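Encoded as structure tokens, the structure appears first; notes follow it.
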Amino acid sequence: MKWRGRKGSSNIEDRRGQRSTSRRGRYSRSSRNIRSGGSQFRMPRSKGGFILLAIIVVGALVFGVNPLALLDGSIPNSPANNSSTSQPQSNAEQDELVQFVSVVIKETEDMWTKTFADSGGRYAEPSVVIFSNSVRSGCGSASSSTGPFYCPADQKIYIDLSFYDQLRKQFGAPGDFAQAYVLAHEVGHHVQQLTGVLPEFNKARPRLSKAESNEWSVRVELQADCYAGVWAAYAGQEDLLERGDIAEALTAANSIGDDTLQKQM
């Protein structure tokens with residue numbers, strides 16, 4: 001991915017080195033671990049998500065996708081419209097990743113700002129909190145084992161950069177395209193917050209059965225994947241993608257599927 005030399009976002013909060021002493025609970029993918037202040041929505045480490053992304057990107061680049069058609073805030077067919085840690089990167093590696101995150105987020109800001117404006121709306125940019133070890137969010141406390149997540153309560157994205165090191169070394173899934181997808185997916189959750197999908201989901205969750213809640217969760221994640229694919233198509237139109245980027249995503253899909261992660265936990 002061609003990201004070096006491009007402008008970064010100003011909405012980056014670097015909290016590396018800070019500690020959170022709040023108690024944390026184990027994250028559950030099916031329940032999304034409801035915490036005080038809201039629910040965390042993190043990137044699903046599943047094969048389906050990455051494969052869906054690759055299909056969407058290819059289709060969008062070849063046939064074209066209108067992002068405006070995705071902004072109605074609907075979930076198709078819905079009732080309403082941790083793994084072990086690895087060695088940390090060096091300071092130089094982390095600083096480069098901070099810049100990478102900043103650039104990718106800026107690209108998502110540019111795309112979604114235009115998309116919202118074209119539909120007569122305004123895109124409220126989320127902040128991205130970069131932390132190490134543990135962090136306190138509007139949705140409660142979390143650790144690096146939680147993985148990247150979006151908190152609707154404070155409309156911020158949280159990521160410990162050691163996740164990228166784990167993605168590359170432990171799961172054998174290198175590549176900046178897969179790393180960018182992680183961010184674009186969480187930004188997709190922010191778009192869902194702005195369009196009303198997440199508020200409606202969280203409102204309905206208490207009266208849903210476990211099976212219904214899981215079904216809604218899957219649809220929410222698939223829509224966030226779709227939004228990530230829309231951004232990836234935009235990145236292709238901006239000539240930011242390089243040969244092999246789609247293959248990187250597929251490699252990641254095969255390396256960090258749910259079945260693989262369960263064996264690691």
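Here are the numbers:
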{"item": "Projected area averaged over orientations for the stretch 127-180, convex hull of C-alpha atoms, nm²", "result": "3.6 nm²"}
{"item": "Residue order, fewest to most beta carbons within 10 Å, for E186, E200, E242", "result": "E242, E200, E186"}
{"item": "Relative exposure of Y234, Y158, judged by other C-beta atoms within 10 Å (fewest first)", "result": "Y234, Y158"}
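Taken together, the values in this text are just the output of simple stated rules run on the coordinates, not laboratory data. Quick caveat, the model's predicted, so the values are computed rather than measured. When we count neighbours, we look across all protein chains shown, and the Cβ atoms used for this are built from the backbone with ideal geometry, even at glycine.
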